[in-house]
Amino acid sequence: MSELRTITRAEVREHTNPMFVLRRELETRVDGLGLKDNVRDIEANGFTVVKDVATPEFTARLRETILRLKEDGDGPAWTGGAAGMLLDRDPIFVEVVTNPKLRALVEVMCGQGAILMQLLASVRPKGTPALPLHADQNWLPAPFPEHNQIFTMCWVMDPFTREGGATSIIPGSHRKRRHPTNAERDAMEGAVAIEADANSLACWDGSVWHGNYPRALEGERVVLHITFGRLALRPVENYDYLGEDWLADKPEALRIMLGREDFLGKSSDSGFNFALTPRTFDWAKN
Ligand SMILES: O=C(O)CCC(=O)C(=O)O
Ligand SMILES: [Fe+2]
């Protein structure tokens with residue numbers, strides 16, 4: 001397979017960085033983390049599975065935390081319960097969103113300055129029905145832009161198999177760059193299960209058509225759905241209440257993914273926030 005293409009910083013300033021053309025620094029990071037094949041998978045098929053995203057102990061602790069925080073679900077896809085607005089509900093979630101593999105993929109898929117859109121856990125016991133096919137860029141009209149807008153990662157804590165109620169996906173459907181029609185949604189032609197071990201990250205772009213299979217096994221499938229978007233998009237979960245006191249001992253990455261370091265929403269009586277403007281324009285094109 002060919003090497004990933006790269007681009008220099010000077011080139012980026014003049015031209016938007018094309019999708020899947022990585023800045024040299026990012027390319028080095030992706031390579032160092034062993035994620036090159038994952039990036040190629042996403043480009044080719046719309047999805048990938050990152051194995052060994054953390055330690056098995058970390059994933060076990062994450063599962064316990066979610067089961068402690070979950071509340072009864074209010075829809076058929078969430079019969080076992082759900083938990084949202086998780087970022088500050090346990091310190092483990094900051095570790096999740098600052099995981100180096102996760103962050104590198106987010107940057108490839110949603111650019112620098114990508115925003116945390118949602119941290120939502122789902123618990124699906126035996127008998128939970130299927131989630132219908134959809135593209136996650138559901139708050140964008142088709143045709144979808146060439147640049148991916150939304151990126152979803154599912155932290156797998158129980159093995160993904162078809163019987164276990166894994167994510168269903170139509171490989172390559174991201175190339176249609178539109179939502180499925182109702183008929184296509186129901187037909188699920190070409191759909192396969194994403195097979196993955198616990199402690200992996202099943203990831204897909206915002207365009208690929210996916211849902212999930214009903215769970216036919218005993219026990220619960222616990223998943224953390226982590227969604228990022230490009231910096232120009234509004235997030236699903238609003239963490240504006242998290243103040244400087246909460247951010248004080250957190251990595252810089254948290255400030256960026258909460259939109260505290262870009263110029264959006266910071267205009268004042270004197271106009272633009274000029275200090276943050278150049279970097280925002282730069283991040284948006286990377
Ligand atoms: O629960 C799943 O397997 C997939 C759910 C889904 O559509 C998503 O997280 O975007
Ligand atoms: Fe989805």
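Summary of values
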read-out: Qualifying residues in segment 239-259 (those that are open to solvent by less than 100 Å² (accessible area, probe 1.4 Å) and without any contact (Cβ under 8 Å) to a residue 12 or more places away in the chain) - the one nearest to Ile150 (Cα to Cα); value: Arg255
read-out: Residue within segment 137-160 that is within 19 Å of Val236 (Cβ to Cβ) and among the small types (Gly, Ala, Ser) present; value: no
read-out: Top-ranked residue in segment 1-34 [being farther than 25 Å from Leu201 by Cα, surrounded by 12 or more Cβ atoms within 10 Å (Cβ to Cβ) and aliphatic (A, V, I, L, M); ranked as modelled with the lowest pLDDT]; value: Val12
read-out: Residues of segment 160-194 satisfying the condition of being of a type in the set (A, V, I, L, M), open to solvent by 50 Å² or more (accessible area, probe 1.4 Å) and within 12 Å of Ala135 (Cα to Cα); value: none
read-out: Spans of strands (runs of 3 or more DSSP E) in segment 35-153 with at least 3 residues open to solvent by less than 50 Å² (accessible area, probe 1.4 Å) and in contact with an Asp or Glu (Cβ under 9 Å, 6 or more places away or on another chain); value: 47-50, 115-124
read-out: Within segment 215-238, tally of residues that are away from ligand 2 (no atom under 16 Å from the Cβ) and either open to solvent by less than 10 Å² (accessible area, probe 1.4 Å) or over 22 Å from Glu107 (Cα atoms) (or both); value: 7
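The values are calculated or read from the model by the stated rules, or taken from the named source; none is laboratory data. Predicted, not measured: the structure shown is a model, and the values here were computed from it. Quick reminder, even Gly has a Cβ in these numbers, built from the backbone with ideal geometry, and neighbours come from all protein chains shown. What goes into the accessible areas is simple: the full protein's heavy atoms, side chains included, and nothing from ligands, DNA or RNA. Shrake-Rupley method; radii C 1.70, N 1.55, O 1.52, S 1.80 Å.
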